[in-house]
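Colleague: Please read through the structure below; I'll follow up with questions.
The values are calculated or read from the model by the stated rules, or taken from the named source; none is laboratory data. None of the values given here were measured: they were computed from a predicted structure. Here Cβ is always computed from backbone atoms with ideal geometry, including for glycine, and neighbour counts include all displayed protein chains.
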Amino acid sequence: MSRTQFLWLATLFEGGLAVIAGLLGWWLGINPLDLVHWRPQALSLGLLGTLPLLLFFGLVYRLEVPQLEQIKRLLLETLGPLLAACRWYELAYVAFLAGFCEELLFRGVLQPWMESLWGWWPALIVSNLLFGLAHSVTPLYALLAALTGMYLGWLLDVGGERNLLVPMMVHSVYDLAAFLVVVVSYRTGSPR
């Protein structure tokens with residue numbers, strides 16, 4: 001797959017999630033964009049909220065556990081060549097797109113809708129089990145994604161107001177950092 005094809009595919013897939021979020025939100029009477037508040041505090045929380053995920057990623061990426069090694073190999077083999085062919089701003093674009101569109105669906109529509117049915121904790125768990133299933137590259141990867149999703153769902157309410165911008169920022173910055181690690185690892189031929 002060429003770089004251009006990869007970027008179009010990422011745009012169509014992630015953009016499709018935004019369309020699904022919009023249609024599902026319309027059907028359920030939830031406008032996820034109502035939860036996006038452009039405030040300096042949200043930007044600060046978004047940047048600070050990325051740090052624990054980056055530290056966890058750094059730890060997990062360095063552990064020599066067979067299941068984690070399998071995930072690293074899979075990422076390097078499948079995403080490595082595609083991400084390495086991209087320019088830095090294209091990586092930032094894909095990371096932003098994933099953070100915006102996935103959060104719009106999972107934290108902007110599904111979590112609030114499930115909260116109206118079952119309450120905060122069950123909604124946090126179930127919506128992020130779905131998030132994990134959507135990332136089921138391997139069973140362990142799905143579990144790690146579900147746990148990450150729970151953290152992002154918790155961040156939705158950090159700072160005193162429900163603000164989808166916080167998990168969107170965290171997700172985007174985290175994805176960009178992870179993409180850069182994959183690119184460097186791929187280019188150097190080192191899984192570390």
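Colleague: Does the stretch 17-36 include one or more residues that are in contact (Cβ under 8 Å) with a residue 12 or more places away in the chain, in a loop (DSSP other than H, G, I, E, B) and within 20 Å of Val183 (Cα to Cα)?
Modeller: no
Colleague: Conditions first: (1) under 15 Å from the mean Cα position of the chain (by Cα); (2) over 26 Å from Leu124 (Cα atoms); (3) modelled with pLDDT under 95. Ser190 passes all but one, so which condition is the exception?
Modeller: (1)
Colleague: I'm trying to understand the selection: among the residues of the stretch 56-82, which are among the hydrophobic types (A, V, I, L, M, F, W, C), in a helix (DSSP H, G or I) and over 16 Å from the mean Cα position of the chain (by Cα)? Please lay out each step first, then the result.
Modeller: Residues of the stretch 56-82 among the hydrophobic types (A, V, I, L, M, F, W, C): 56-57, 59-60, 63, 65, 68, 71, 74-76, 79, 82.
After this cut, where a residue has to be in a helix (DSSP H, G or I) as well, the list is 56-57, 59-60, 68, 71, 74-76, 82.
Residues satisfying the conditions are Leu59, Val60, Leu68, Ile71, Leu74, Leu76, Leu82.
Colleague: With the requirement that a residue be modelled with pLDDT under 95 and within 18 Å of Ile125 (Cα to Cα), what does the stretch 158-171 give you? Lay out the reasoning, then the answer.
Modeller: As a first pass, look at the stretch 158-171 and keep what is modelled with pLDDT under 95: 158-162.
Once the filter is applied, which keeps residues that are modelled with pLDDT under 95 and within 18 Å of Ile125 (Cα to Cα), the stretch 158-171 yields Val158, Arg162.
Colleague: Something else now. Could you grab me the full set of residues in the stretch 1-52 that are of a type in the set (Ser, Thr, Tyr), surrounded by fewer than 16 Cβ atoms within 10 Å (Cβ to Cβ) and under 18 Å from Leu156 (Cα atoms)?
Modeller: Ser44 - this is the single residue of the stretch 1-52 that is of a type in the set (Ser, Thr, Tyr), surrounded by fewer than 16 Cβ atoms within 10 Å (Cβ to Cβ) and under 18 Å from Leu156 (Cα atoms).
Colleague: Let me ask something additional. Please go through the stretch 45-87 and give me each residue that is without any contact (Cβ under 8 Å) to a residue 24 or more places away in the chain and not acidic (Asp, Glu), ordered by number.
Modeller: First pass over the stretch 45-87, keeping only residues without any contact (Cβ under 8 Å) to a residue 24 or more places away in the chain: 48, 51, 55-56, 58-59, 63-66, 77-78, 87.
Answer for the stretch 45-87, where residues must be without any contact (Cβ under 8 Å) to a residue 24 or more places away in the chain and not acidic (Asp, Glu): Leu48, Leu51, Leu55, Phe56, Gly58, Leu59, Leu63, Val65, Pro66, Thr78, Arg87.
Colleague: In contact with a Ser or Thr (Cβ under 7 Å, 6 or more places away or on another chain) and hydrophobic (A, V, I, L, M, F, W, C), is that true of Leu53? Quick ask: steps written out before the conclusion?
Modeller: Numbers: in contact with a Ser or Thr (Cβ under 7 Å, 6 or more places away or on another chain): yes; hydrophobic (A, V, I, L, M, F, W, C): yes.
Criteria met by Leu53.
Colleague: While we're here: Against the condition of a type in the set (Lys, Arg) and more than 23 Å from Glu64 (Cα to Cα), how does Arg162 come out, does it pass? Full working, then the answer.
Modeller: Working: of a type in the set (Lys, Arg): yes; more than 23 Å from Glu64 (Cα to Cα): yes.
Yes, satisfied.
Colleague: Just wondering, is there one or more residues in the stretch 140-157 that are hydroxyl-bearing (Ser, Thr, Tyr) and at pLDDT below 95?
Modeller: yes
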